[in-house]
Amino acid sequence: MKSLTTRRVCTTRPALLLFFMLAAACSRTPAETPSPRPIAVPKDASTLATVDAFVARHLVLDLTADFSARTLSGTAELRFDRRDPNATEVVLDTRDLKIEKVEAATGAGAWMATTHRLDAATPAFGSALHIAMPAGADRVRVAYSTSPGARGLQWLAPSQTAGKEHPFLFSQAQAIQARSFIPLQDTPGVRMTYDATIRTPKELVAVMAAEMEDVGPALSDGPHRVFTFKMPQAIPSYLIALAIGDLAFKPMSNRTGIWAEPSMVDAAAREFDDTEKMIVTTEKLYGPYRWGRYDILVLPPSFPFGGMENPRLTFATPTVIAGDKSLVSLVAHELAHSWSGNLVTNATWHDFWLNEGFTTYLERRIVEALYGKHMADMQAAIGVSDLAESRKTLEVAGDRTLLPDLTGRDPDDAFSNVPYEQGRLFLVFLESKFGRDAFDSFLRKWFDEHAFESATTDEFLAFLETNLLDTRPGAVTDAQIQEWLHTEGIPGFAVLPTSDAFAKVEQARDEWLKGGSMDALAKTASAWSTQEWIHFVDSMPRKMEASRLAALDRQFTLTESMNSEIAHVWYRLAIANRYAAAYPAMERYMIRIGRRKLIVPLYRDLAAYPEGLALANKIFAKARDGYHPLAQTTVADILKPKT
Ligand SMILES: [Zn+2]
């Protein structure tokens, strides 16, 4: 189908327009990708599934969303590459799934009943589902339903949405939560294509990180509207994504558009209208965008992440809609994952830096190309300071390195800035040694030669040696590479962002702190970007007179800032100084927003002193139900009494 990019979308959405906007969002991917090579799936500490005898290649989902029961129920069929003719069992990952029935089949043959056994649940990984495989069988079909508390799904009440009228559902499968809504081999070392049929209440729209098939009036089934999707590119399980809600679509270019609640769609399309330029910029650097469309789904504020790089359909927090495009590096980041992460994927969560370090490097290159070197330098400087702070909060030493030990742990417990910013610094170091042109060619080759494959750190190191290090022997030593991977700090030979990125901000800050006039500060600050504001507030002394804070607040309305990142650093400064005038607004912020990056440091700061801890508990009691299960766990962990 041709895309209908000029058609205006009306947010009142009569049925016919709904059809057109759905049609606009469904275009075919130019070429389907070949099946991945039958390489051995690397050992992954984060899965209970077996991957030696059977490797999933295609998934067929048929699920019905029940908002009153808060469940998805239906069937998941897995088609395997059978690698051992004598194998008699396949083991899948599940978490809190209710398994109704399991069948097996051979090729196109009929389904036959088979036996299964569900192991007791483990807190980190869920329950292994053992399925007996008859001789020759290479398909299974599992009838199941999810639990209302599924960790990979968040069911929002109408009151938690912008429109307040309809409920909302979204999934978040990364790192290991796909198993909480689909029984499968939940490891990024296994890639599969999929087809999905999703049945929703009639008034709602389903979207997936996949191609939406044609939608017509015929596609309704009793009380449900039926949506069908096709994912022709082989992806790992953590990139399967679904959302259902009162959604409208607005195109931005012939391959980009916004999905959002009707009241958000225009503001989001304005904020993100550089997206097409970002794609063109990235394609020039690292090769073609290979996923067909690139749309952005703007979620309600409880989304626990900034963004999630679900292929073809980035899921994004509304907290980056600042009105001035100042936080759109988030889109640069999620888009960059279309190369690093989605196209070439970390084979296990131990190799997470291959996804995030590369992506953070690419993100800053896109920002530099579109918004200039100064902006990229400022973001890099903020990144380095976030890295230092992140390391301070990590209790497991290995988590401060690029290669954490995830044995027996949910990878989410090791989640931090380290793979992002330390990984990026590693790549910046390599770029500095070999020159930007050579490094860009090297990266492009890495993406081209590993497209639609998963890779381990060792595979990257071997490729690095052959394709970059060997071109200039001695430029980088083996000891340096090892230090990058294993150090708990920033190596002394790292190339850090220029220290004058914020020189003017620091000068203005120091003058004001020494007694300079508010007028002079206000004049200078009137030209500041969001990043300069973040640095200004974040670098203020942690001991200030309340009157000085109040003066700043009066002048710049920081407590009531509509910019979520500036408000965040201001609340941290307020907590450090016990500036209680900011607390009521901070409390509203912590209840409204569920993005972990913005709320977790506030809880942590509050938890550090008794009155703060009491306030944090009070806020959490009100906010908890609105948070995603992942955010609930993170915050509960911070607030739990220390033994
Ligand atoms: Zn990322």
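So that you can scan it fast, the table gives a plain yes or no per residue for (1) among the polar types (S, T, N, Q); (2) surrounded by fewer than 24 Cβ atoms within 10 Å (Cβ to Cβ); (3) touching a strand residue (DSSP E or B) at 6+ places or on another chain (Cβ under 8 Å):
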{"position": "Phe249", "(1), (2), (3)": "no, no, yes"}
{"position": "Ile258", "(1), (2), (3)": "no, no, yes"}
{"position": "Phe272", "(1), (2), (3)": "no, no, yes"}
{"position": "Gly292", "(1), (2), (3)": "no, yes, yes"}
{"position": "Leu330", "(1), (2), (3)": "no, yes, yes"}
{"position": "Ser338", "(1), (2), (3)": "yes, no, yes"}
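Counting only residues that are out of contact with any Leu (no Cβ under 8 Å at 6 or more places or on another chain) and open to solvent by 10 Å² or more (accessible area, probe 1.4 Å), how many does segment 300-311 have?
Filtering segment 300-311 down to residues out of contact with any Leu (no Cβ under 8 Å at 6 or more places or on another chain) leaves 301, 303, 305, 308.
Still in the list and also open to solvent by 10 Å² or more (accessible area, probe 1.4 Å): 301, 305.
Within segment 300-311, residues that are out of contact with any Leu (no Cβ under 8 Å at 6 or more places or on another chain) and open to solvent by 10 Å² or more (accessible area, probe 1.4 Å) number 2.
(1) surrounded by fewer than 21 Cβ atoms within 10 Å (Cβ to Cβ); (2) over 21 Å from Leu615 (Cα atoms); (3) not hydrophobic (A, V, I, L, M, F, W, C): which one isn't true of His535, the others all being true?
(1) is the only condition that His535 fails.
Within segment 311-344, how many residues are hydroxyl-bearing (Ser, Thr, Tyr) and away from the ligand (no atom under 12 Å from the Cβ)? Break it down stepwise before answering.
In the first step, residues of segment 311-344 are kept if they are hydroxyl-bearing (Ser, Thr, Tyr); the result is 314, 317, 319, 326, 329, 338, 340.
Now restrict to residues that are away from the ligand (no atom under 12 Å from the Cβ): 317, 319, 326.
Residues that pass the stated criteria total 3.
Restricting the first residue to segment 352-369 and requiring it to be within 11 Å of the ligand (Cβ to nearest atom) and open to solvent by 10 Å² or more (accessible area, probe 1.4 Å), which pairs with a second residue that is among the aliphatic types (A, V, I, L, M) and part of a helix (DSSP H, G or I) meet a Cβ separation below 8 Å and a spacing of at least six or different chains?
Every condition considered, the pairs that remain are Glu363/Ala332; Glu363/Ala336.
Looking at this structure, is Asp399 under 16 Å from the mean Cα position of the chain (by Cα), assigned to a helix (DSSP H, G or I), more than 16 Å from the ligand (Cβ to nearest atom) and closer than 21 Å to Pro601 by Cβ?
no
Tell me which residues, restricted to segment 558-578, are farther than 23 Å from Phe305 by Cα and either open to solvent by 20 Å² or more (accessible area, probe 1.4 Å) or in contact (Cβ under 8 Å) with a residue 60 or more places away in the chain (or both).
Matches in segment 558-578: Ala576, Asn577, Arg578.
Listed here are the residues, each with its yes/no results for (1) of a type outside the set (D, E, K, R); (2) open to solvent by 50 Å² or more (accessible area, probe 1.4 Å); (3) out of contact with any helix residue (DSSP H, G or I) (no Cβ under 7 Å at 6 or more places or on another chain); (4) modelled with pLDDT of 95 or more.
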{"site": "Arg83", "(1), (2), (3), (4)": "no, yes, yes, yes"}
{"site": "Val91", "(1), (2), (3), (4)": "yes, no, yes, yes"}
{"site": "Asp96", "(1), (2), (3), (4)": "no, yes, no, yes"}
{"site": "Trp111", "(1), (2), (3), (4)": "yes, yes, yes, yes"}
{"site": "His116", "(1), (2), (3), (4)": "yes, yes, yes, yes"}
{"site": "Pro123", "(1), (2), (3), (4)": "yes, yes, yes, yes"}
{"site": "Leu129", "(1), (2), (3), (4)": "yes, no, yes, yes"}
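Residues to consider are Ile619, Ile638; find the one that is part of a helix (DSSP H, G or I), of a type in the set (A, V, I, L, M, F, W, C) and either touching a residue at least 40 places away in the same chain (Cβ under 8 Å) or touching a Lys or Arg at 6+ places or on another chain (Cβ under 8 Å) (or both).
It is Ile638.
The values are calculated or read from the model by the stated rules, or taken from the named source; none is laboratory data. In this text the structure is predicted, and so the values were computed from the model without any measurement. Quick reminder, even Gly has a Cβ in these numbers, built from the backbone with ideal geometry, and neighbours come from all protein chains shown. Surface areas here come from the heavy atoms of the whole protein model, side chains and all, with no ligands, DNA or RNA. Shrake-Rupley method; radii C 1.70, N 1.55, O 1.52, S 1.80 Å.
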